[in-house]
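K.L.:
Once you've had a glance at the structure underneath, I'll fire off some questions.
Any read-out appearing in this document is the output of simple, stated calculations on the displayed coordinates, not a laboratory observation. Computed from a prediction, not measured in an experiment: that's the story for all the values here. Cβ placement follows ideal geometry from the backbone for every residue including glycine, while neighbour counts extend to all protein chains displayed.
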Amino acid sequence: MATKRTMTLNLTDAEMSVVEDFSARKDMSKTAVLRQALRLYQLLEARVEKGDKLYVENEATKDKAEIMMV
Amino acid sequence: MSENGLRVTLLDTATGEPREAELLSSITEKQLTDVEGEWKPALYDRFREFNRAGKPPTEWPGTENKHWDWRQKVEKLQGLLSHDGYCLTCQGMTEGLMLIDTSSYRCRLPENEKRNLVYIDYVESAPWNRPELEQVPRYRGIGSILVGAAIERSIAEEFKGRIGLHALPQAEPFYSATCGMSDLGRDDTKQGLRYYEMTAAQAEAFIAKGNNR
């Protein structure tokens, strides 16, 4: 793995609460959660930049909804 | 593992001696050139032999992934944090390649449902190391080392060693018997390939077996 660098992240209570909730639910540290979030964000941005559209599908009903990335 | 590589050992089947190899967390131009200049010709040499022996193409082993274009795969994922490449080299030659995805997939086993895992997108050994193509493969241990690298990466990402993959038919016994992964059956969304998943406990058992796989 590449060398790691440190940064200070200022979050609101609500934002930190979401990070802590993910951390608990996924049994991962807050750093690992944010690293995952960054990867996913970059992946989605790359697809949208290419002109792809993002959809979520309900597995049971097969209903699809487009996610708008701004 | 550092970017400079990790020293690992392959078994040279001709001599029975161990051979020092290197595992790197990257796929460079050198690997792509080896695939195009050495792997592909070696694969098609085997196909030519099968053809000359009168074997119908439907019975040729090793055809399932003959269309894989590693250059295209690597270039498509260049710069994405969600994907990484690994290579295994020995005596200056690329002997194995693997592409992993650390973001897009979730566990399917009920005990870990929706937890993160490292998904092995593609893994391949050089044709001369593949038992379905060679009566005496040149090196043994490539698949195990690459699966081990995926497990180590999963641990580093705090996924506890959980990994998953869809296996080509000829590799199914390797993932079930050698790796001890759970077989979750055919997946019609992935050309009917069988899906295999490794839990944290199975990953621990795989690592504990070491060279006795």
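K.L.:
Could you run through the range B:129-146 and say how many residues are acidic (Asp, Glu) and in a helix (DSSP H, G or I)?
P.N.:
Of the residues in the range B:129-146, the ones acidic (Asp, Glu) are B:132, B:134.
Those still in the list that are in a helix (DSSP H, G or I) too: none.
Going through the range B:129-146 one residue at a time, the tally reaches 0.
K.L.:
Could you figure out which of (1) in contact with a Leu (Cβ under 7 Å, 6 or more places away or on another chain); (2) within 29 Å of A:Ser23 (Cβ to Cβ); (3) touching a residue at least 40 places away in the same chain (Cβ under 8 Å) isn't true of B:Glu124?
P.N.:
Exception for B:Glu124: condition (2).
K.L.:
Quick one: in the range B:140-160, of everything that is over 13 Å from the mean Cα position of the chain (by Cα) and crowded, with 24+ Cβ neighbours inside 10 Å, which residue is nearest to the other protein chains (Cβ to nearest Cβ)?
P.N.:
First pass over the range B:140-160, keeping only residues over 13 Å from the mean Cα position of the chain (by Cα): B:152-160.
Among the residues that remain, those that are also crowded, with 24+ Cβ neighbours inside 10 Å are: B:154, B:159.
Values: B:Ser154: 11, B:Phe159: 8 Å.
Checking each candidate, the answer is B:Phe159.
K.L.:
Looking at (1) polar (S, T, N, Q); (2) part of a helix (DSSP H, G or I); (3) touching a residue at least 24 places away in the same chain (Cβ under 8 Å), which one does B:Asn51 not meet, given that it meets all the others?
P.N.:
Of everything listed in (1) polar (S, T, N, Q); (2) part of a helix (DSSP H, G or I); (3) touching a residue at least 24 places away in the same chain (Cβ under 8 Å), B:Asn51 misses just condition (3).
K.L.:
Is it the case that the range B:59-66 has a residue that's in contact with a Cys (Cβ under 8 Å, 6 or more places away or on another chain) and either under 16 Å from B:Tyr139 (Cβ atoms) or assigned to a loop (DSSP other than H, G, I, E, B) (or both)? Steps first, answer last, please.
P.N.:
Filtering the range B:59-66 down to residues in contact with a Cys (Cβ under 8 Å, 6 or more places away or on another chain) leaves none.
No; the residues of the range B:59-66 include none that is in contact with a Cys (Cβ under 8 Å, 6 or more places away or on another chain) and either under 16 Å from B:Tyr139 (Cβ atoms) or assigned to a loop (DSSP other than H, G, I, E, B) (or both).
K.L.:
Next question. For the condition surrounded by fewer than 18 Cβ atoms within 10 Å (Cβ to Cβ), among the small types (Gly, Ala, Ser), farther than 29 Å from B:Pro18 by Cβ and more than 14 Å from chain A (Cβ to nearest Cβ), what is the one hit in B:Gly180, B:Gly185, B:Gly92? Reasoning before the result, please.
P.N.:
Numbers: B:Gly180 fails: farther than 29 Å from B:Pro18 by Cβ; B:Gly92 fails: farther than 29 Å from B:Pro18 by Cβ.
Every option except B:Gly185 fails the conditions.
K.L.:
Here's another thing I want to ask about it. Working carefully through the options A:Lys53, A:Lys64, A:Lys30, A:Lys26, find the one that is surrounded by 12 or more Cβ atoms within 10 Å (Cβ to Cβ) and touching a strand residue (DSSP E or B) at 6+ places or on another chain (Cβ under 7 Å). Working first, answer last.
P.N.:
Details: A:Lys53 fails: surrounded by 12 or more Cβ atoms within 10 Å (Cβ to Cβ); A:Lys64 fails: surrounded by 12 or more Cβ atoms within 10 Å (Cβ to Cβ); A:Lys30 fails: touching a strand residue (DSSP E or B) at 6+ places or on another chain (Cβ under 7 Å).
Being surrounded by 12 or more Cβ atoms within 10 Å (Cβ to Cβ) and touching a strand residue (DSSP E or B) at 6+ places or on another chain (Cβ under 7 Å) holds for just one of A:Lys53, A:Lys64, A:Lys30, A:Lys26, which is A:Lys26.
K.L.:
Still on this model: Quick check: anything in the range A:20-32 assigned to a helix (DSSP H, G or I) and more than 14 Å from every other protein chain (Cβ to nearest Cβ)?
P.N.:
Scanning the range A:20-32 turns up at least one residue that is assigned to a helix (DSSP H, G or I) and more than 14 Å from every other protein chain (Cβ to nearest Cβ).
K.L.:
Now for a different question. Quick check: anything in the range A:49-56 over 21 Å from B:Glu158 (Cα atoms), among the hydroxyl-bearing types (Ser, Thr, Tyr) and away from chain B (no Cβ under 12 Å)?
P.N.:
Of all residues in the range A:49-56, those over 21 Å from B:Glu158 (Cα atoms) come to A:49-56.
Adding the requirement that they be among the hydroxyl-bearing types (Ser, Thr, Tyr) leaves A:55.
Cutting the leftovers down to away from chain B (no Cβ under 12 Å) gives us A:55.
Yes, the range A:49-56 has at least one match.
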